[in-house]
Amino acid sequence: MLLVAACGGVFERSSQPNGPSDGAAVTGEPTDVTAEPATAEPATAEPSPPGPASAAPSDAPSVPPSVDPLASPATGSAAACAGNDDNRKFFAKIAATVEWPVYCPVLPAGWFVASGQYRLAGGGWLEIAYRGPSGARLELREGAFCDDPDGCVPGGTEAGDAAFGGLTGTFIVADDGRLVVVVDRAVKPSWVVIGSGLDREAFVTFTGAFALVEG
């Protein structure tokens, strides 16, 4: 059943959406970045298996030879975003509404949308997670999503700068082994991506390739 809040939307395991003005709740089959376009609102794949992956397992994906997803002219400025057309519409709708720059992952085949939600009120924010090969995972948060002084970033050790699309962020190795890039920590808006099951080279390659979605 469609679950709609007045302030936002969420990807959940439910029926097709009715297109509310500031959010939606849907489910779908796994969304491969090379899949054919779908017709629903932002779709989601089956949830990622429980349990965190290590930061750099022996079979962790290395830097891919290419990060060219299937682009779709039907989604305009979000054409580079990983996923199907409904995932790209998710980013395009938010970018057209909020006043801060919206970035989306550009990922190779083998990555799927696991979950996502957004809110357009109060400055707006989005959260979306992707799962990839060998248990790899990316969690992306953007906008006015955090009220905590720590910026809703895992504790860890700062290890220099790293790109977040066209932005420059701080690279952090979290105490639990996850990898983080954060831009404007504890500020509204801010941008955070958290990766697990990836080595540093692959992770920063992905974060540096994030595409700006024009509003």
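The values are calculated or read from the model by the stated rules, or taken from the named source; none is laboratory data. Quick caveat, the model's predicted, so the values are computed rather than measured. Positions of Cβ are backbone-derived with ideal geometry, glycine not excepted, and every protein chain shown enters the neighbour counts. Each accessible area value is taken on the protein alone, full model and side chains, heavy atoms only, with ligands, DNA and RNA left out. Shrake-Rupley method; radii C 1.70, N 1.55, O 1.52, S 1.80 Å.
Numbers for the structure displayed
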quantity	calculated
Qualifying residue in the stretch 65-78 (condition: open to solvent by less than 60 Å² (accessible area, probe 1.4 Å), in contact with a Ser or Thr (Cβ under 6 Å, 6 or more places away or on another chain) and either in a loop (DSSP other than H, G, I, E, B) or at pLDDT 50 or above (or both))	no
Residue within the stretch 203-212 that is in a helix (DSSP H, G or I) and aromatic (F, W, Y) present	yes
Unique residue being in contact with a strand residue (DSSP E or B) (Cβ under 9 Å, 6 or more places away or on another chain) and within 20 Å of V173 (Cα to Cα) when the list is A159, A82	A159
Top-ranked residue in the stretch 158-195 [being farther than 12 Å from L140 by Cα and polar (S, T, N, Q); ranked as least open to solvent (accessible area, probe 1.4 Å)]	T170
Residues satisfying the stated conditions in the stretch 200-215, i.e. open to solvent by 40 Å² or more (accessible area, probe 1.4 Å) and either under 22 Å from G177 (Cα atoms) or free of Cβ contacts under 8 Å to residues at least 60 places away in the same chain (or both)	R200, E201, V204, T205
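Conditions (1) polar (S, T, N, Q); (2) more than 19 Å from C81 (Cα to Cα), marked per residue:
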position	(1), (2)
W111	no, no
I128	no, no
G160	no, yes
D184	no, yes
S196	yes, yes
